[in-house]
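The values are calculated or read from the model by the stated rules, or taken from the named source; none is laboratory data. Because the structure is a prediction, the values reported are computed rather than measured. Cβ sites come from the backbone with ideal geometry, for glycine too, and all protein chains shown count toward neighbours. Heavy atoms of the whole protein, side chains included, go into the accessibility calculation; ligands, DNA and RNA do not. Shrake-Rupley method; radii C 1.70, N 1.55, O 1.52, S 1.80 Å.
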Amino acid sequence: MKLPTTAALVLSLGVSTAYATENAPITVTRVGSQPSSVGSEQNFTGSVFVDSRFAGTAPARIGGGIVTFASGAYTAWHTHPLGQTLIVTSGVGLVQKWDDAVQEIRPGDIVWIPPGVKHWHGASPTVGMSHIAFSEALDGKSVEWMEKVSKEQYGQ
Ligand code: MN
């Protein structure tokens, strides 16, 4: 008698195999294979581009991209259900938690925004900024957008 394979056994037991990914291929998404996406006017002020967008496969829930803000460009207020990590790669940027001081961020700085914390991030008024952004999705959602940051809040 042929013994059932692990996969067949798991299926026969009705256990999900959705997370059996040990044979999944490593993927390399080549630079230039995805067009830049433009930050929407509803969620951003000024000129913002997102490149190198990525998303893991389940059970991973990581996703993100490289976000480039022109000088004077910034996000609206928002939260991330499972938080967000930013690694600044160029320029001079700003980040602010609601009701807290604006902090300047520079290349090599790592910013951790805890789950549910209302905040914005963007470039300084005179110098642009790029950061890599990483966040995990909760129920498929990694950001909750809110109202736009006013010029007074941005400090202009
Ligand atoms: Mn954020």
Cross-link reach from Lys97 to aspartates and glutamates, straight Cα distance under 16 Å and at least 8 residues apart if same chain, gives Glu144, Glu147, Glu152
Can you tell me the length gained on complete extension of the stretch Ser33 to Thr57, counting 0.36 nm per residue apart and subtracting the Cα distance? 6.8 nm
Could you give the distance between the Cα centres of the range 74-100 and the range 20-41, to the whole Å? 23 Å
Asn23-Asp109 pseudo-label distance in nm [points 7 Å out on the Cα-to-Cβ vector]: 4.8 nm
Ignoring ligands, DNA and RNA, please state the percent of accessible area on the chain from carbon and sulfur, probe 1.4 Å. 58 percent
Over all pairs of distinct alpha carbons, what does the Kirkwood formula give as the hydrodynamic radius of the chain, in Å? 17.4 Å
So what is the relative contact order of the range 30-154, in percent, for Cα pairs below 8 Å that sit 6 or more residues apart? 31 percent
Considering only Ala55, Ala101, Ala137, give the residue with the highest GNM mean-square fluctuation for the chain, with springs between Cα atoms whenever their separation is below 10 Å. Ala101
Pair Lys118, Glu152: separation of 7 Å Cα→Cβ label points (nm): 1.5 nm
